[in-house]
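Asks: Just dropping this structure here.
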Amino acid sequence: MLYFSHFSLMNLASLLLITVALAEVWRSTTVGPARRRMLAFLSGCALYVGAVVLDTGTYSLGSLPFFEFEYPAIFFEILAFVELSRHVAGVDNKRHVLATRVFAAIVVPIWLYFYYIAVSSNAAYDSAAYHLLLPLPVLLSSYTFLLLGAVLFKKTRVLPVFLLSLWKALPADDFRSKATYYLFLAAGLFVFGALMPALNVNTSLPQEMTYGLYYINNLVILGLVVVGFFKYVERRACLATKITIGMTVILMSVATSVILLFHEEQAELALEDVALLQQSSIIITPAGIGRDNSRYQAEATPASWADTTALNHTTEKEGVALDLPFSFPFYGQNYNRLHILPSGQVVPFNGSIGPKPVYSNIQCLRDKPPIAPFCVPGAGYKFQSSLQADQAVITWTQSKGNRPADIMQLVIRPDGSIRLNYRDVPVMGSVVRDTSIGIHNGVKLALRTQLLSALPLVTSQPMVWFDLNLGRRAIVHEKLWPLAAYMVFTILAVIMFIRPYLVQRIVTPLNTLSTGLTKVDSGNLDSKLSLDTQDEFGDLAAGFNGMIASLELARERADEQTELLETELTRRTITAASMDGDEILSKDQTFEQKIKKVITQNMGNFNFQVAELAEDMGMSTRQLHRKVVDLTAETPAALIRALRLEHAYQLLANNAANISQAAHRSGFKDVSYFSKRFQQRFTISPKELKAKAP
């Protein structure tokens, strides 16, 4: 059963945000390398965040070791980011691509080998084995940061450290450079995030504070890359998605800031756990028989230290083996030897005196049955021991000033009881994570801790484990999980309800209006908008439909006036023509042939109208109108339309084009208007003529 901490819930909210971004990129109009690389990057982000959500072993009360999947997810995310950055920045020369592929062919197998070693050795999340996997992501992100900085400097001659000046120096219409700038900022944050584990180890910042900063850092990276893609690569994004992502980022940033404010009381809570150990002895006694059904009881009693002899054992890399004067039952088996590791763990085993078993001191044990008063890999504490018939006492010492001081003690009795005494508690001590103490049977299981305040307790689990940070995290989580849960449900509501509502009430009406304007621009006045909304969009649709009706009425009236004018001009032209001589008639015929030739040459030009005809004929529009009317008894506009219709008639009659093609080749944008005029002139529709064509 998964246990979600407040930080796990925060990551779940991030996963929802990444899902929205993935869906929008998938629907984007950009098709090609940029979109593929962006999808790969977001997929890597989703894999990493998903692993963190499942891995409750580091940031919550549970312990499910999904952290093994976090490292390859980070590696894949970084590789996808490097490729995306290289493509957007335009670094596509063959030499660079070849060098990148050779580098990947060499380094990636090495990284995979170290990853295999870390997983197969059951190393802890914060152990050196996993830390060896971090230099490559740091190197890749640093390389990308320098590469993008060099590209921007080459274009602007402004040092990238001056971020504001660099942005102002970028041309407003250079979208590739602006996208590169966003990725440059993200690469810098990647470098900072890759160094976060070192910040956690080398500073006094609490673990949750460090993780909170890391979380915000990743959130800003995601925002920069997504905004850079949509604004400067895709150059368009769904309005509903913009609003959804904006609302989500604001909610997450505010909630994270509030969560981080509650960690000021950590030191106080941690001291309570330490005080309990210093004032008490933890006694762990068997409460059952058999390895499979072993039960152990743990309780706290007043502190009671046992005396030890002044035997100082030298610290050795492989530890020290002690032979017990009695047989010691532990998880259903009897042991006669103890192996004391320099890291602070004690491992029971059997066998005669001979070569000591070799355990790695790089990480704390998870696959052996250890007794762990503490575990600090590489610490190399000295210890004293006292072996008696009724008990074995091991006391760890640490030099303070000029004399050693006892800090921890382990007492083992023949009945299988174990006593843990503490005068000091190591700051870093764990078997699986920091400051954990207890016993377990060596089965590779997800260790689950118990509160020290829960003592006395009886557990049937194959472990009795106490985490000194658990009480503090439990209190913080108890305060903050409602806030984190509220944020997750709010974001779910934004994605599942608010976004569809925005699409229905804003995006769909805007798309409908845009489609209508496109049709009007092409000359189609036969379609109206259907928006049944009682709001501003409904008013716009009504106004749009009213405009269409007015344009249609104006066009019909213009056609009526044109027909009347054509009739009157025909009468006057016939009268005038009968008075002209043969010489004048010959000149008119030449002019008529020339004007028809010009119209025929521009037959497929939608924008060729009377003004363009007058310009080609070298006349003013008034002169052209008077001359054409006198000659043909038609206005220039009517003549252009008549010749276009004649051309369309020939195309359809000879089956040389379909109706739409005939209209467009004849200079008509609107097919329905073309059909209407065609039937008026020839008393047959284009469809009927097309059907009769051979």
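Asks: Could you list, ordered by first residue, the pairs with Cβ atoms under 8 Å in which the first is in region 170-189 and assigned by TED's automatic domain parsing to the domain that holds ARG157 and more than 10 Å from VAL225 (Cα to Cα) and the second is charged (D, E, K, R) and in a helix (DSSP H, G or I), at least 6 apart or interchain?
Replies: Note: pairs meeting the criteria are LEU170/LYS155; LEU170/LYS178; ASP174/LYS155; SER177/LYS155; LYS178/LYS231.
Asks: Within the set of pairs 6+ apart or on separate chains, which have a first residue in region 598-616 that is in contact (Cβ under 8 Å) with a residue 40 or more places away in the chain, a second that is in a helix (DSSP H, G or I) and small (Gly, Ala, Ser), and C-beta atoms under 6 Å apart?
Replies: none
Asks: Which is more than 20 Å from LEU79 (Cβ to Cβ) and buried (at least 20 other Cβ atoms within 10 Å of the Cβ), of LEU170, LEU166?
Replies: Result of the check over LEU170, LEU166: LEU166.
Asks: Test ARG37 against the stated conditions and say whether it is part of a helix (DSSP H, G or I), basic (Lys, Arg), at pLDDT 85 or above and out of contact with any Cys (no Cβ under 6 Å at 6 or more places or on another chain).
Replies: Numbers: part of a helix (DSSP H, G or I): yes; basic (Lys, Arg): yes; at pLDDT 85 or above: yes; out of contact with any Cys (no Cβ under 6 Å at 6 or more places or on another chain): yes.
So ARG37 fits the description; yes.
Asks: Sticking with this structure for a sec: Picking from ALA611, ALA657, which residue would you name as being crowded, with 17+ Cβ neighbours inside 10 Å and not polar (S, T, N, Q)?
Replies: Working: ALA611 fails: crowded, with 17+ Cβ neighbours inside 10 Å.
So the residue among ALA611, ALA657 that is crowded, with 17+ Cβ neighbours inside 10 Å and not polar (S, T, N, Q) is ALA657.
Asks: So for region 379-400 (the condition being touching a helix residue (DSSP H, G or I) at 6+ places or on another chain (Cβ under 9 Å), surrounded by fewer than 18 Cβ atoms within 10 Å (Cβ to Cβ), more than 28 Å from ARG295 (Cβ to Cβ) and modelled with pLDDT under 85), does at least one residue qualify?
Replies: No, the conditions are met nowhere in region 379-400.
Asks: With (1) part of a helix (DSSP H, G or I); (2) at pLDDT below 80; (3) out of contact with any Phe, Trp or Tyr (no Cβ under 6 Å at 6 or more places or on another chain) as the list, and PHE67 as the residue in question, which single condition is left unmet?
Replies: Of the numbered conditions (1) part of a helix (DSSP H, G or I); (2) at pLDDT below 80; (3) out of contact with any Phe, Trp or Tyr (no Cβ under 6 Å at 6 or more places or on another chain), the odd one out for PHE67 is (3).
Asks: Report whether or not TYR48 is on the phi < 0 side of the Ramachandran plot, surrounded by 21 or more Cβ atoms within 10 Å (Cβ to Cβ) and either at pLDDT below 75 or assigned to a helix (DSSP H, G or I) (or both).
Replies: Judged against the criteria, TYR48 is a match.
Asks: Give the residues of region 670-687 that are assigned to a loop (DSSP other than H, G, I, E, B) and in contact (Cβ under 8 Å) with a residue 24 or more places away in the chain, sorted by residue number.
Replies: Of region 670-687, the ones assigned to a loop (DSSP other than H, G, I, E, B) are 670, 683-685.
Result: ASP670, single match.
Asks: May I ask you to list the residues in region 109-135 that are modelled with pLDDT of 80 or more and closer than 30 Å to PHE153 by Cα?
Replies: Scanning region 109-135 gives a single hit, PRO135.
Asks: Let me ask something additional. Report yes if some residue within region 73-92 is farther than 28 Å from LYS178 by Cβ, within 19 Å of the chain's Cα centre (by Cα), modelled with pLDDT of 80 or more and part of a helix (DSSP H, G or I); otherwise report no.
Replies: Step one: list which residues in region 73-92 are farther than 28 Å from LYS178 by Cβ, which gives 73, 75.
Narrowing the set further to residues that are within 19 Å of the chain's Cα centre (by Cα) leaves 73, 75.
Narrowing further to those that are modelled with pLDDT of 80 or more: 73, 75.
Subsequent filtering for residues that are part of a helix (DSSP H, G or I) retains 73, 75.
Checked region 73-92: at least one residue is farther than 28 Å from LYS178 by Cβ, within 19 Å of the chain's Cα centre (by Cα), modelled with pLDDT of 80 or more and part of a helix (DSSP H, G or I).
Asks: Yes or no: THR533 in contact with a helix residue (DSSP H, G or I) (Cβ under 7 Å, 6 or more places away or on another chain), at pLDDT below 70 and of a type in the set (S, T, N, Q)?
Replies: When the stated conditions are applied, THR533 passes them.
Asks: If you don't mind, another one. Just one of LEU213, LEU159, LEU205 is part of a helix (DSSP H, G or I), among the hydrophobic types (A, V, I, L, M, F, W, C) and either at pLDDT 90 or above or at negative phi (or both); which is it? I'd like the intermediate steps shown before the answer.
Replies: Numbers: LEU159 fails: part of a helix (DSSP H, G or I); LEU205 fails: part of a helix (DSSP H, G or I).
Only one candidate qualifies: LEU213.
Asks: Quick check on my filter: what residues within region 630-669 are free of Cβ contacts under 8 Å to residues at least 24 places away in the same chain and not in a helix (DSSP H, G or I)?
Replies: ALA656, ALA657
The values are calculated or read from the model by the stated rules, or taken from the named source; none is laboratory data. Not measured: the values here are computed from a predicted model. In this analysis, Cβ positions are derived from the backbone assuming ideal geometry, glycine residues included, and neighbour counts consider all displayed protein chains.
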